[in-house]
Amino acid sequence: MKNLINKEALYLYNRGRYYHSYNILGAHRMKHNGKLGVRFTVWAPYAKMVSVVSEFNNWNECVMENLGDSGVWGCFIEGLDEEVKYKYKILTQENQYKYKADPYSFFSELRPQTASIVYNLDHYKWHDAKWLEHRKNINIFERPINIYEMHFGSWKRKKDGEIYTYRELADLVIGYVKEMGYTHIELLPIMEHPFDGSWGYQITGFYSTTSRYGTPKDFMYFVDQCHQSGIGVILDWVPGHFCMDEHGLCEFDGENIYGCIGHKHWGTMNFDFSKTEVHSYLISNAVFWFDKFHVDGLRIDGVSSMLYLDYGYEDKNLAPRNKFGGNSNLDAITFMKKLNEIIFKYYPFALMIAEESSSWPLVTKPQYMDGLGYNFKWDMGWMNDTLRYMQLDPFFRKYNHNLITFSMSYAFAENFILSLSHDEVVHGKKSLVDKMPGDYWSKFANYRVLIAYMIFHPGKKLLFMGSEIAQFIEWREYSELDWMLLEYDMHKKFQLYVKDINHYYLNENALWEIDYDWSGFQWIDADNRDQSIFIFKRVGKKGEDFNVIILNFTPVYYKNFRLGVPAKGIYRTVFNSDEEKYGGSDTTITKTMKAKEVAWHNQPYSVELTVPPLSSLVIKLSKRKLAIPK
C-alpha cells in the first residue's frame, strides 16, 4: 500500500490542506504491479481494524492496512471491476462492529439500501467547452442572473407517479427554463440522502450523486446539456451538518471524527470545524463538484447555523462559547474563509452563495477586509419584509411603507440575490400567490406586482419552481407540480407574464449592469405612503440607459398622474403588468408622453400618465433631446 498512496498528499490531508482528497481516499480502479483492481482507502483513526466487505467476495472481509499515524487505512483488491457494491467493516475500541458506507463514494445503492458502489467518473465525454470558456471571460456581477430553483423529484413525474431520471429531466427541463428566460438552474441537494422528506438537506454521501435519478454520468449529461443550452448549474451544498443514519458519518469509527454536538433544529450532527481532516473533506467536496461535474456555483445552506455557537438554542445561556466568551464559531469562520479562498483560486468564475439569515457583516467581502469571502448572499431581510408587506390588505400598506423602502438602506452592503425560494412555500406558509390578499383577481394582481418588484429591485434573482405558474397549494416533494393549472386562464396568463418580464430583464442592461452600487439606482419618489406608489430609476453604465419603474401597491386607478423624469424627450411605456394578456384589468394607459419642463419629484422634468390598479409600469426615454443633468 505504501506505493499506492502519495505521502505528501496524505500529510496535507491530515493538516487540512489537501483539497483534492477524493483522489487519494475512497475506491479507485487502477493498475498495481501489472494487475487491475481497486484501491480502497478510508480515514478511521480510532478503529482497531478496518476491512472491505463486498459482493465481490460474498461480503467476506478483506483486511486493510493501517498507514502509519495518518489514521488512514488502505488495501488493494485485484480483479475488482466497476459498479461493485461494498462497505467498510470497522472494529471500534469497544470491540463493536460498524458497517459504513464510504465517505468518498462516487455512487451509492438506491435507497433504502446503503452500500457504496465502485465508480469511475473519468470516462464521460464532455461537450461544454464553449460554455467553460465563456464563463471564464465575463464579470458575473455585471451580468443578468435569474435563477430557477428546483427539486428534481417533484418538478414533473411520469403518468405512473415514478420520478424521471437525470437524462429524462435534461430533455424536459432545460428547454422550458431557457424559454422562460432563466439564466441558471439551482438544484436542491442531489448528494445521496436516505430520506426523501429531507429534500436532500440531510446527507450521507457528500461525493455521491443520488441514485434516485440515475448514475453520476447521467447527472454529468444533465449539466452538459444545460451548458450547451447556455444555462448555468448551481448546487445546494450542506457543509454545516450531516444526518445520523447508522451507515453514514455519525460515529464513523466509534468516535465522532466528523461531527460533534447534535443540531437542535434538524436532528443532525454538526461538522466539527476544529478538525483539520474535516476541512480537507469538505473543501475537497466543494472542489469536487466544480472539477468532476463542471458546476457553476454552490449555494451554501445554513451559513448562520455554522457562524453561531448558540444557533438553535432557546436558552442561549446553555450554548457553548468561544475562547473569547462570544457566540461566534471561530473554527467555522476559519473554514469558510479558507473554503472561499481555495474555490476562487481554482475557479475564479464560481458563484459561492451564502444562505445567511442574520446581520453578520462582510459576508460577501474578501478575506483581506475580514470578510467571509463569498461573492453572493441571499437577501433574507428583503424577502421577509417584502412578503410581510405583500400579505397586508392594501388599505394598511401605507402604515407599513418602510417595509419596502428599508431594503435600500442596506442594498449595497453585500452582493445580494433576491430569493423567493422553496422555504417560503412550505410548512404552512402558503404558496406565494395564496399569500396575496383579496379575491381571486386581486391575488394575481398583487402577485404580478411582487414579481415585478423583485425583477426591478437591485440584486440578482431567484424563484422556486411552481411559483411561475402561480401554484395555489404548497410545494410537496412527493408529487409533481400542478401543471394542470395551465388549463386555467389566469395561471396560463401568469406564466406568460413571468416569461415576458424575465426576458425583459435579460434584455435591459440597466436592470443588471450596476446591481451593487448607488450609481445603478435612484429613488424618484420613495415617500408616497398615502397612495402606496413607489417610483425609482435603474441605470446602466451609460447614463442614458435607464428605466423608470412605477409600482402601485393599491387597487386604486390614477389618471393624469404626474411623475418626475430625469431628461427631456419622448417617453414610452415599455412594460405594463396590467395588460389583459397577463390577466390584468387592461386599463387604457398612456403609451407615449412628452416630458415637460415642470420640475417634479426632485427631477427637472415630468410627464403625466395613467397608473392602473395593483400594477407595475416601466417607461423609457425613446427620443433624448437634452443630456441627463449630472
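Things worth noting here:
- Which listed residue is buried (at least 17 other Cβ atoms within 10 Å of the Cβ) and either under 22 Å from Trp199 (Cβ atoms) or of a type in the set (Val, Ile, Thr) (or both), from Thr405, Thr364: Thr364
- Note on the range 287-302: among residues that are at pLDDT 95 or above and in a loop (DSSP other than H, G, I, E, B), the one that is nearest to Ala350 (Cα to Cα) is Asp296.
- The range 497-536, residues that are loosely packed, with under 14 Cβ neighbours inside 10 Å and part of a helix (DSSP H, G or I): Asn507, Trp518, Ser519
- The single condition among (1) closer than 25 Å to Ala101 by Cβ; (2) among the small types (Gly, Ala, Ser); (3) at pLDDT 95 or above that Gly197 does not satisfy is (3).
- Pair list, Cβ under 6 Å, 6 or more apart: the range 603-615 residue over 17 Å from Lys537 (Cα atoms), other residue among the charged types (D, E, K, R) and surrounded by fewer than 20 Cβ atoms within 10 Å (Cβ to Cβ): Thr610/Lys559
- Selection from the range 267-281 of residues that are touching a strand residue (DSSP E or B) at 6+ places or on another chain (Cβ under 7 Å), crowded, with 19+ Cβ neighbours inside 10 Å and in a loop (DSSP other than H, G, I, E, B): Thr268
- Subset of the range 38-91 (residues that are surrounded by fewer than 18 Cβ atoms within 10 Å (Cβ to Cβ), in contact with a strand residue (DSSP E or B) (Cβ under 8 Å, 6 or more places away or on another chain) and small (Gly, Ala, Ser)): Gly79
- Test for Ile90: is it in a loop (DSSP other than H, G, I, E, B) and more than 18 Å from His279 (Cβ to Cβ): no
- Residues in the range 596-611 that are of a type in the set (Ser, Thr, Tyr) and more than 15 Å from Leu551 (Cα to Cα): 2 in all.
- Residue match in the range 559-576 (condition: farther than 30 Å from Lys493 by Cβ, in contact (Cβ under 8 Å) with a residue 40 or more places away in the chain, assigned to a loop (DSSP other than H, G, I, E, B) and of a type in the set (A, V, I, L, M, F, W, C)): yes
- Restricting the first member to the range 320-338 and to residues that are surrounded by 15 or more Cβ atoms within 10 Å (Cβ to Cβ), and the second to residues that are at pLDDT 95 or above and among the β-branched types (Val, Ile, Thr), the beta-carbon pairs closer than 7 Å and six or more apart or on different chains are Lys338/Ile283.
- Residue satisfying condition, being surrounded by fewer than 20 Cβ atoms within 10 Å (Cβ to Cβ) and either within 19 Å of the chain's Cα centre (by Cα) or not in a loop (DSSP other than H, G, I, E, B) (or both), within set Ser305, Ser284, Ser358: Ser358
- Qualifying residue in the range 303-316 (condition: within 30 Å of Ile185 (Cβ to Cβ), assigned by TED's automatic domain parsing to the domain that holds Ser419 and touching a Gly at 6+ places or on another chain (Cβ under 7 Å)): yes
- A single entry from Lys443, Lys429 fulfils the requirement of being in a loop (DSSP other than H, G, I, E, B) and either in the same structural domain as Gly297 (by TED's automatic domain parsing) or in contact with a helix residue (DSSP H, G or I) (Cβ under 6 Å, 6 or more places away or on another chain) (or both): Lys429.
The values are calculated or read from the model by the stated rules, or taken from the named source; none is laboratory data. The model shown is predicted, which means the values in this text are computed figures rather than measured ones. As a convention, Cβ positions derive from the backbone with ideal geometry for all residues, glycine included, and neighbour counts pool all protein chains shown.
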